[in-house]
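Written below as structure tokens is the structure these notes are about.
Nothing in this text is a laboratory measurement; each read-out follows from the coordinates by a stated rule. These numbers were taken from a predicted model, which means no experiment stands behind them. We place every Cβ from the backbone using ideal geometry, glycine too, and count neighbours over all the protein chains shown.
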Amino acid sequence: MQSHKIFELISIDRREKRPYDVQIKDRIKALIIDQTFYYQDILPDPLELSAALNIDQEYASQAYKNLIKENFIKKTEQGYEVAYLELTNYFFDRNVAIYDAIIALGLTPSIECVSKKIVTLSDDIAKGFGFHTARTFLYINRIYKGNQRPLIILENYLPMSIFPDIDQALTGIEPLNAFIFEHYGLYAKESHRITKAVNLPDHIAKYLNEPAGSPSISSTNHVYDQYKRLIDYGQSHSTSSYYFQSIISPNK
């Protein structure tokens, strides 16, 4: 049997009313959530774990099946990998496109458009967002997913004075940065992002399949093009179920 840290961290309480498979599942889940085990860490085979715990293999196998069902682990060629992710400041502190970050994690990205419309903001609100002249914007609210699971819900305000007819050209499911460069020849030269820990409001939590009030990272982002113009103001909330590790090369 191979040595694995998990053998020292999991034990069975034979006096508990909870079945062994539930005890194992809950303990492994807790070790993943508190980041004792990180995304893509390999867990021991259920047969090894059951032998270490001196219980029938079926209990460990059932625990793993339930963890897979809840998207905490997954079965790969390397074995049972941790699939749980969370968002950290590493991602938010850098100008990394969400779509690219999801790909870098080895997940299949997709975008769901929740809302898309032209809005006119008051002077005070527009200036509060950082726009000094623009008042009419394309407002778009989208959910970014990895392997069909919600990661981030993101609202963007794009000035119509810089992006004429964008409401007609943009369907809402394209990566925004690539679309802007392809259609307008502009790119994100610089961004300023501010993050903070918040509790998910009810109306946002439902889109992320999270309980209302769950811990979340909220972000506001100002994106400037190569001409130093503010071209995008964004507001986002992340799920608490994912962990963007520092796997994106600083050179990207």
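Worth a mention:
- Estimated purely from DSSP H runs of n ≥ 4, each contributing -39500 (n - 2.57), the mean residue ellipticity at 222 nm for the chain is -7500 deg cm²/dmol once divided by its residues.
- When only Cα pairs below 8 angstrom with a gap of at least 6 residues are kept, segment 86-243 shows a relative contact order of 25 percent.
- Length gained on full extension, Arg15 to Asp202: 63.4 nm, using 0.36 nm per residue less the C-alpha separation.
- Segment 6-83: relative contact order as a whole-number percent, Cα under 8 Å and 6+ apart: 34
- Orientation-averaged projected area, Cα convex hull of the chain (nm²): 15.7
- In a reduced charge model with +1 at each Lys and Arg Cβ and -1 at each Asp and Glu Cβ, the chain shows a dipole moment near 300 debye about its Cα centre.
- Most mobile listed residue (Asn156, Asn221, Asn147) in the chain, GNM with C-alpha springs under 10 Å: Asn147
- Ranked by the mean number of other Cβ atoms within 10 Å of their residues, highest first, the peptides 17-24, 117-124, 75-82 fall in the order 17-24, 75-82, 117-124.
- The chain: antiparallel DSSP beta bridges as a percent of all, rounded to 5: 95
- Straight-line reach from Lys65: taking Cα to Cα under 24 Å and skipping same-chain neighbours fewer than 8 places apart, the lysines in range are Lys5, Lys17, Lys25, Lys29, Lys74, Lys75, Lys145.
- Peptides 194-203, 168-177, 134-143 ranked from most to least packed by the mean count of surrounding Cβ atoms within 10 Å: 134-143, 168-177, 194-203.
- Cα-based Kirkwood hydrodynamic radius, segment 6-83, one decimal, Å: 12.4
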